[in-house]
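The values are calculated or read from the model by the stated rules, or taken from the named source; none is laboratory data. Fair warning: this is a prediction, and the values are worked out from it, not measured in the lab. Every residue, glycine among them, receives a Cβ derived from its backbone with ideal geometry; neighbour counts consider all protein chains shown. Areas reflect the complete protein model, heavy atoms only, side chains present, ligands, DNA and RNA absent. Shrake-Rupley method; radii C 1.70, N 1.55, O 1.52, S 1.80 Å.
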Amino acid sequence: FESIKYHALKDPHFTPESLLTELNEKEQTALKYLVKDQNGLWLKLIQDGFVEWGFAVLAEQNGSPRLIQGQIDLWGMDAKDQAWVVDYKTGSPESLDKAMDHLKIYAWALTKMKKIPTDQMVKLAVIYPLAGLTEIETCRVSDIQI
């Protein structure tokens with residue numbers, strides 16, 4: 001999905017649907033879901049936000065510093081200045097709780113890097129495009145315990 005960002009940067013008239021002929025059936029299913037889900041929000045976040053965004057921050061655990069590293073599939077702000085942190089999953093939705101826990105860590109890390117205000121409400125989304133499922137939670141980053 002992150003390649004959509006780079007296609008759009010190269011060609012302002014690019015549409016994700018133009019990729020369909022290059023994709024296998026499974027990939028087409030995933031892309032079609034991404035395009036229609038949430039009325040195109042994901043495409044807008046991909047184009048305006050940050051994809052495959054790596055991070056490393058220090059956290060204190062039991063009085064000792066601990067390095068937390070990760071890679072966020074997608075994060076950004078929507079048209080209403082709502083922060084979103086998004087994870088794509090090709091597997092089963094059975095691991096949803098674990099995926100949401102990871103997104104909370106990512107949101108926490110974004111506040112540590114001063115990308116999102118600590119008191120802001122953040123939307124966390126796990127997208128299972130092959131299963132046709134998106135789960136969204138809202139949390140206040142200041143409530144996240146690391």
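Key figures
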{"item": "Kirkwood hydrodynamic radius of the stretch 1-58, Cα pairs, Å", "result": "12.4 Å"}
{"item": "Debye, to nearest 20: dipole size of the stretch 1-114, +1 on Lys, Arg Cβ, -1 on Asp, Glu Cβ", "result": "300 debye"}
{"item": "Label-zone membership for the stretch 65-88, site ALA56, 7 angstrom Cα→C-beta point, backbone N under 14 Å", "result": "66-71"}
{"item": "Straight-distance crosslink candidates among lysines, where the alpha carbon sits under 23 Å from LYS5 and sequence neighbours closer than 8 are dropped", "result": "LYS26, LYS32, LYS36, LYS44, LYS80, LYS89, LYS115, LYS123"}
{"item": "Net charge contributed by nearby residues that have their C-beta within less than 14 Å of HIS7 (K/R +1, D/E -1)", "result": "-2"}
{"item": "Additional length obtainable on full extension of the chain from GLU27 to MET77, 0.36 nm per residue less Cα span", "result": "15.4 nm"}
{"item": "10 Å beta-carbon shell around MET100, net charge (K/R +1, D/E -1)", "result": "-3"}
{"item": "For the stretch 58-144, Kirkwood radius (reciprocal of mean inverse C-alpha pair distance, Å)", "result": "13.6 Å"}
{"item": "Against the rule of thumb 2.2 N^0.38 Å, how large the Cα Rg of the stretch 1-123 comes out", "result": "1.18"}
{"item": "Cβ-defined net charge surrounding LEU67, 13 Å radius [Lys, Arg +1; Asp, Glu -1]", "result": "+1"}
{"item": "Carbon plus sulfur fraction of accessible area for the stretch 39-146, probe 1.4 Å, in percent", "result": "45 percent"}
{"item": "Gained length - ALA131 relative to GLN145, 0.36 nm times residue gap less alpha-carbon distance", "result": "2.0 nm"}
